[in-house]
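Student: I'd like to ask you about the structure that follows.
The values are calculated or read from the model by the stated rules, or taken from the named source; none is laboratory data. Quick caveat: nothing in here was measured; it's all calculated off a predicted structure. Here the Cβ is made from the backbone with ideal geometry for all residues, glycine too, and neighbour counts use every protein chain on show.
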Amino acid sequence: MLTINLFNGLVYGALLIVMCSGLALIYGLRRVVNFAHGSLYMMGAYLGYTISIQSNFWIALLAAPAIMALAGVLLDRYCFRLLQDREPLTVVLVTFGLLLIIEDLVLSVWGKSNLSVPVPGLLDFSLELFGAQLPAYRIAVVAVGAAVALGLSLWLRHSKAGLFVRAASTDPVTTSMQGVNTDRLSAGVVGLGTALAGLAGVVAAPFLSLSPSMSADVIIDSFVVVVIGGLGSLAGAFIAALVLGMVQAIGAVYLPDAAVLLPFVLMIAILIWKPSGLAGSRT
């Protein structure tokens, strides 16, 4: 029982890594706290559902994030770029309004009924590990989370574009003076962050029910992860996502009545100990 719960915590932590990477990237470059990020995750899940029933899951896994990336570029151009130097309250109100618009769009197109995406046949089996039967698809979700974490780390540390992103997230004015088009760079990063939210939605669809409320279910945990890890810090988000997944898994076994409160208790404890988060506020 404990093995299965820990494994489920690892799966949820891997999903949060994919989800929160985009949130941390967007904040790191645009300094915009995107309350609509959960609704972008939801939109990715619904797009994945529609594409998968028209073709198959694997095409949806590629097409839905690509569509969300384009939406992210447009979102940066007509929303986030304009919000970059605004007061925090303005940013919160606009992104929260965007969340409501996307939720209404989902309700209009897909309705209120819960939907589900079948597990792809290639991964529709279980493996026995540590004396427990673990679904192969959920193991694949962990692999996706690990691949995203590794890919983003290598990209940021060992590519020219990654160097520009790290520089712009630290000092956008100086980076711009060095000849880097920070607006174009930011549009690409927001597109990538939005694509990662869409990817998280598609990956979650086969084992989580699709509903218009699914954005609220994940956005709170996502912000807890980003705050614990350090605003704008990818490394911190990776660590915090896994920690949060495990805390929830262990809490569900030993403290079921208080499990929902444990992420907030953990966040308060981290903020008291280190207000900048586990890894500070670097990308």
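Student: Quick check on segment 148-178: of everything there that is within 17 Å of the chain's Cα centre (by Cα) and surrounded by 13 or more Cβ atoms within 10 Å (Cβ to Cβ), which residue is nearest to L199 (Cα to Cα)?
Tutor: V148
Student: Moving on to the next point. Please specify each residue of segment 177-196 satisfying the condition of being assigned to a helix (DSSP H, G or I) and not aliphatic (A, V, I, L, M).
Tutor: Once the filter is applied, which keeps residues that are assigned to a helix (DSSP H, G or I) and not aliphatic (A, V, I, L, M), segment 177-196 yields T182, D183, R184, S186, G188, G191, G193, T194.
Student: Somewhere in segment 275-283, is a residue surrounded by fewer than 16 Cβ atoms within 10 Å (Cβ to Cβ) and either within 24 Å of I4 (Cα to Cα) or basic (K, R) (or both)?
Tutor: Checked against the condition, which is being surrounded by fewer than 16 Cβ atoms within 10 Å (Cβ to Cβ) and either within 24 Å of I4 (Cα to Cα) or basic (K, R) (or both), segment 275-283 yields no hits at all.
Student: Another one. Name the residue that is surrounded by the most Cβ atoms within 10 Å (Cβ to Cβ), counting only residues in segment 190-225 that are of a type in the set (S, T, Y) and either at pLDDT 90 or above or closer than 24 Å to P135 by Cα (or both).
Tutor: It comes out as T194.
Student: Closer than 29 Å to G245 by Cα and not hydroxyl-bearing (S, T, Y): which single residue out of V190, V109 fits that description?
Tutor: V190
Student: Here's something else I'd like to know. Mind telling me which of the residues I26, I17 ends up being β-branched (V, I, T), under 16 Å from V189 (Cα atoms) and touching a Gly at 6+ places or on another chain (Cβ under 6 Å)?
Tutor: I26
Student: Any idea which residue in segment 239-283 is modelled with the lowest pLDDT, counting only those that are assigned to a helix (DSSP H, G or I) and not aliphatic (A, V, I, L, M)?
Tutor: Per the criteria, the residue is Y254.
Student: I'd like the residue in segment 29-57 that is small (G, A, S) and buried (at least 24 other Cβ atoms within 10 Å of the Cβ) and, out of all such residues, is nearest to M68 (Cα to Cα).
Tutor: This residue is G44.
Student: Considering only residues of segment 76-116 that are basic (K, R) and either closer than 14 Å to L47 by Cα or in a helix (DSSP H, G or I) (or both), which is modelled with the lowest pLDDT?
Tutor: R81
Student: Further question on the same structure: Of these, S213, S276, which one is more than 14 Å from L16 (Cβ to Cβ) and touching a residue at least 12 places away in the same chain (Cβ under 8 Å)?
Tutor: S276
Student: Is there a residue in segment 254-264 that is touching a residue at least 40 places away in the same chain (Cβ under 8 Å) and in contact with a Ser or Thr (Cβ under 6 Å, 6 or more places away or on another chain)?
Tutor: No, segment 254-264 contains no residue that is touching a residue at least 40 places away in the same chain (Cβ under 8 Å) and in contact with a Ser or Thr (Cβ under 6 Å, 6 or more places away or on another chain).
Student: Being among the hydrophobic types (A, V, I, L, M, F, W, C) and over 12 Å from the mean Cα position of the chain (by Cα): is that true of A14 here?
Tutor: No; evaluated as a whole, the condition is false for this residue.
Student: Name, by its number, the condition in (1) at pLDDT 90 or above; (2) of a type in the set (A, V, I, L, M, F, W, C); (3) in contact with a Cys (Cβ under 9 Å, 6 or more places away or on another chain) that does not hold for L15.
Tutor: Of the numbered conditions (1) at pLDDT 90 or above; (2) of a type in the set (A, V, I, L, M, F, W, C); (3) in contact with a Cys (Cβ under 9 Å, 6 or more places away or on another chain), the odd one out for L15 is (3).
Student: What are the pairs, 6+ residues apart or on separate chains, where a residue within segment 9-38 that is without any contact (Cβ under 8 Å) to a residue 12 or more places away in the chain and in a helix (DSSP H, G or I) has its Cβ under 7 Å from a residue that is basic (K, R) and buried (at least 24 other Cβ atoms within 10 Å of the Cβ)?
Tutor: none
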